Amino acid sequence: MPDAATMEKIVALCKRRGFIFASSEIYGGLGSTYDYGHYGVLLKTNVKNEWWRAMLQERDDIVALDSAILQHPKTWEASGHLAGFTDPMVDCRTCGQRFRADHLGDLQCPQKPSKHPGEGPNCDLTEARDFNLMFETTMGPVKDSGATVYLRPETAQGIFVNFKNVLQFSRKKPPFGIAQVGKSFRNEITPGNFVFRTREFEQMEMEFFVPPDEAPRWYDFWKQARHDWYVDLGLRADHLRLREHDPDELSHYSSGTADVEYLFPIGWSELEGIANRGDFDLTAHAELSGEKLEYFDPQTKERYVPHVIEPAAGADRATLAFLVDAYDEDDLGGEQRTVLKLHPRVAPVKVAVLPHLRKDGLPERAQEVYAALRGRMQSEYDEGGSIGKRYRRQDEIGTPYCVTIDHQSLEDATVTLRDRDTLEQERVAIDGLADELAARLAREWRSPKE
Ligand code: GAP
């Protein structure tokens, strides 16, 4: 059966249920920036927390960092971004639009008849020229060239410039990693496909510093570990693959890069990149700053510049992949339901508490149950509309469990527990309900779409 998820349906659901909407919408939106509403914030926060869990809680060789978005401009000189973080761009003299010269075959000319840019009868494209993707701004009150700073285009460089600080306080030795989550900015020429490619986005990056001769082994390790992270969080394994870059695709700093790709509705596309960056970054920053960025091993008396393996993921792109993978439309005996079959660990709300009727003391009892649950897990109370409508609402935001309080609940202190995926309903005692739910949420979960 074809996958029910299309980009249009995902965008519509995100707007309808308050996950994600165009930024500055009342002013007509701002070129490819998005705002996250309540459920979107909860979902993306869960994705980021799962990443932190994998990096920090489940390992003891990685430490956290939160570096500034604005950094000394020399950072971008050393990293190569000032000189080389460019995409080739063409302008059309007829329609005034700009296009990425290397993506013309995937783009649409805004003029009719609809063709790729350059293929229409009136298209008049300029020669391609390099366009630097970094956003510039001015630091301080005087707008002169000396005060030009850049919004970081990746979180990685904040890690490299802090290598010495972290090495001193963390008492780690290679192999060890520094992890960071935060906003990055790129003035993409052709952003698009919802939050897949935007100009402001969040990255989850980890730089793993290793003795040079161990780099190939750790490169293989992180490729597999990062692929498996998505599978463990329920993305269908047959919608994920690892693709090694061809030599002509490699960035200037990389001796090997592989992408974890996901089969989005737009086709196989990069979800995350894992790169073997060698000693490029530490050496470049050491040269420009004059600081020694190396490790001295007191046991072997050896001094060396560690090599770096970098898994670099996008929090927004991962969130989109979880939404796409979860989206489903079920036929319930003639009635359609739209449902997000999200892994319970990433689902925005874990349980909804619903009084069957808005009378006879059911709301009061339901409020008590809700109060007992909300301290343990993200819960929601809802008494508005028919019970069927409320189930549909929770299905659409991916809530794995609904607890319904009915007249029997008042007699025997039990509730109905409804499972989002199987639609099974069973009676469960209110006493111990939070423990029961916590145990269910911690179980292994595989996508029912598999
Ligand atoms: N430090 C290496 C680095 O930044 P990248 O492949 O350019 O590598 C890493 O970015 C990840 O960040 C990508 O795999 C993607 O998930 C996310 N990302 C990059 N550009 C993005 C954009 N314009 N919009 C949304 N996510 C983006």
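The values are calculated or read from the model by the stated rules, or taken from the named source; none is laboratory data. Just so you know, these numbers come straight off a predicted model, no measurement behind them. Positions of Cβ are generated from backbone atoms using ideal geometry, with glycine treated the same way; all protein chains shown enter the neighbour counts.
With the structure loaded, tell me whether Ala64 is of a type in the set (Gly, Ala, Ser), under 15 Å from the mean Cα position of the chain (by Cα) and at pLDDT 95 or above or whether it fails that test.
Against the criterion (of a type in the set (Gly, Ala, Ser), under 15 Å from the mean Cα position of the chain (by Cα) and at pLDDT 95 or above), Ala64 does not qualify.
Report yes if Tyr230 is within 30 Å of Pro2 (Cα to Cα) and either modelled with pLDDT of 95 or more or of a type in the set (Gly, Ala, Ser) (or both), otherwise no.
Taking the combined requirement at face value, the residue satisfies it.
Spot the failing condition for Pro400; the list is (1) free of Cβ contacts under 8 Å to residues at least 60 places away in the same chain; (2) surrounded by fewer than 17 Cβ atoms within 10 Å (Cβ to Cβ); (3) closer than 26 Å to Leu233 by Cβ, and only one is missed.
Of the numbered conditions (1) free of Cβ contacts under 8 Å to residues at least 60 places away in the same chain; (2) surrounded by fewer than 17 Cβ atoms within 10 Å (Cβ to Cβ); (3) closer than 26 Å to Leu233 by Cβ, the odd one out for Pro400 is (2).
Could you tell me whether any residue of the range 330-338 is touching a helix residue (DSSP H, G or I) at 6+ places or on another chain (Cβ under 8 Å) and surrounded by 22 or more Cβ atoms within 10 Å (Cβ to Cβ)? Don't jump to the end; show me each part of the working.
Within the range 330-338, the first condition is being touching a helix residue (DSSP H, G or I) at 6+ places or on another chain (Cβ under 8 Å), and the residues that meet it are 337-338.
Filter again for surrounded by 22 or more Cβ atoms within 10 Å (Cβ to Cβ), leaving none.
No, the range 330-338 contains no residue that is touching a helix residue (DSSP H, G or I) at 6+ places or on another chain (Cβ under 8 Å) and surrounded by 22 or more Cβ atoms within 10 Å (Cβ to Cβ).
So which residues in the range 191-214 are within 9 Å of the ligand (Cβ to nearest atom) and either part of a loop (DSSP other than H, G, I, E, B) or not polar (S, T, N, Q) (or both)?
If the condition is that a residue be within 9 Å of the ligand (Cβ to nearest atom) and either part of a loop (DSSP other than H, G, I, E, B) or not polar (S, T, N, Q) (or both), then Pro191, Val195, Phe196, Arg197, Thr198, Arg199, Glu200, Phe201, Glu202, Met204, Glu205, Glu207 are the ones that fit.
Which strands (runs of 3 or more DSSP E) does the range 360-450 wholly contain that include 2 or more residues that are out of contact with any strand residue (DSSP E or B) (no Cβ under 7 Å at 6 or more places or on another chain)?
Those strands (runs of 3 or more DSSP E) do not exist here; none qualify.
Select, from Gly96, Gly158, the only residue that is not polar (S, T, N, Q) and not in a loop (DSSP other than H, G, I, E, B).
The conditions single out Gly158.
May I ask you to list the residues in the range 34-55 that are over 24 Å from Val231 (Cα atoms) and buried (at least 16 other Cβ atoms within 10 Å of the Cβ)?
Residues satisfying the conditions are Tyr34, Tyr36.
Condition first: in contact (Cβ under 8 Å) with a residue 12 or more places away in the chain and within 15 Å of Glu396 (Cβ to Cβ). Can you find one or more residues in the range 23-37 that meet it?
Yes, the range 23-37 contains a residue that is in contact (Cβ under 8 Å) with a residue 12 or more places away in the chain and within 15 Å of Glu396 (Cβ to Cβ).
Based on what the data block shows, is Gly290 of a type outside the set (A, V, I, L, M), more than 16 Å from the ligand (Cβ to nearest atom), surrounded by fewer than 23 Cβ atoms within 10 Å (Cβ to Cβ) and free of Cβ contacts under 8 Å to residues at least 60 places away in the same chain?
Taking the combined requirement at face value, the residue satisfies it.
From the set of residues in the range 175-185 that are among the hydrophobic types (A, V, I, L, M, F, W, C) and more than 10 Å from the ligand (Cβ to nearest atom), which is nearest to Leu323 (Cα to Cα)?
Val181
From the list Gly314, Gly278, Gly361, which residue is on the phi > 0 side of the Ramachandran plot, within 16 Å of the ligand (Cβ to nearest atom) and modelled with pLDDT of 95 or more? Please lay out each step first, then the result.
Working: Gly314 fails: on the phi > 0 side of the Ramachandran plot; Gly361 fails: within 16 Å of the ligand (Cβ to nearest atom).
Being on the phi > 0 side of the Ramachandran plot, within 16 Å of the ligand (Cβ to nearest atom) and modelled with pLDDT of 95 or more holds for just one of Gly314, Gly278, Gly361, which is Gly278.
Can you find even one residue in the range 95-112 that is within 14 Å of the ligand (Cβ to nearest atom), surrounded by fewer than 16 Cβ atoms within 10 Å (Cβ to Cβ) and closer than 24 Å to Leu30 by Cα?
yes
Which of the residues that make up the range 307-327 are touching a Pro at 6+ places or on another chain (Cβ under 8 Å) and farther than 30 Å from Asp281 by Cα?
Scanning the range 307-327 gives a single hit, Val324.
Of all residues in the range 168-185, count the ones that are at pLDDT 95 or above and either among the β-branched types (Val, Ile, Thr) or outside any loop (DSSP other than H, G, I, E, B) (or both).
Final tally of qualifying residues: 10.
May I ask you to list the residues in the range 21-75 that are among the polar types (S, T, N, Q) and closer than 21 Å to Leu151 by Cα?
Ser23, Ser24, Ser32, Thr33, Ser67, Gln71, Thr75
Name the residues in the range 318-359 that are within 24 Å of the chain's Cα centre (by Cα) and assigned to a loop (DSSP other than H, G, I, E, B), would you?
Of everything in the range 318-359, those that are within 24 Å of the chain's Cα centre (by Cα) and assigned to a loop (DSSP other than H, G, I, E, B) turn out to be Lys341, Leu342, His343, Pro344, Arg345, Val346, Ala347, Pro348, Val349, Lys350.
Tell me yes or no: at least one residue of the range 137-146 is at pLDDT 95 or above and surrounded by fewer than 18 Cβ atoms within 10 Å (Cβ to Cβ).
Checking the range 137-146: not a single residue is at pLDDT 95 or above and surrounded by fewer than 18 Cβ atoms within 10 Å (Cβ to Cβ).
Only one residue in His356, His307, His343 is within 16 Å of the ligand (Cβ to nearest atom) and at pLDDT 95 or above, so which one is that?
His307
Hey, among Leu125, Leu167, Leu151, which residue is of a type in the set (A, V, I, L, M) and within 16 Å of the ligand (Cβ to nearest atom)?
Working: Leu125 fails: within 16 Å of the ligand (Cβ to nearest atom); Leu167 fails: within 16 Å of the ligand (Cβ to nearest atom).
Every option except Leu151 fails the conditions.
Taking the stated definitions as given, is Glu188 within 30 Å of Tyr150 (Cβ to Cβ) and either within 13 Å of the ligand (Cβ to nearest atom) or not in a loop (DSSP other than H, G, I, E, B) (or both)? Full working, then the answer.
Values: within 30 Å of Tyr150 (Cβ to Cβ): yes; either within 13 Å of the ligand (Cβ to nearest atom) or not in a loop (DSSP other than H, G, I, E, B) (or both): yes.
So Glu188 passes the test.
Given (1) within 14 Å of Met377 (Cβ to Cβ); (2) at pLDDT below 95, where does Leu437 come up short, assuming only one miss?
Here Leu437 clears every test but (2).
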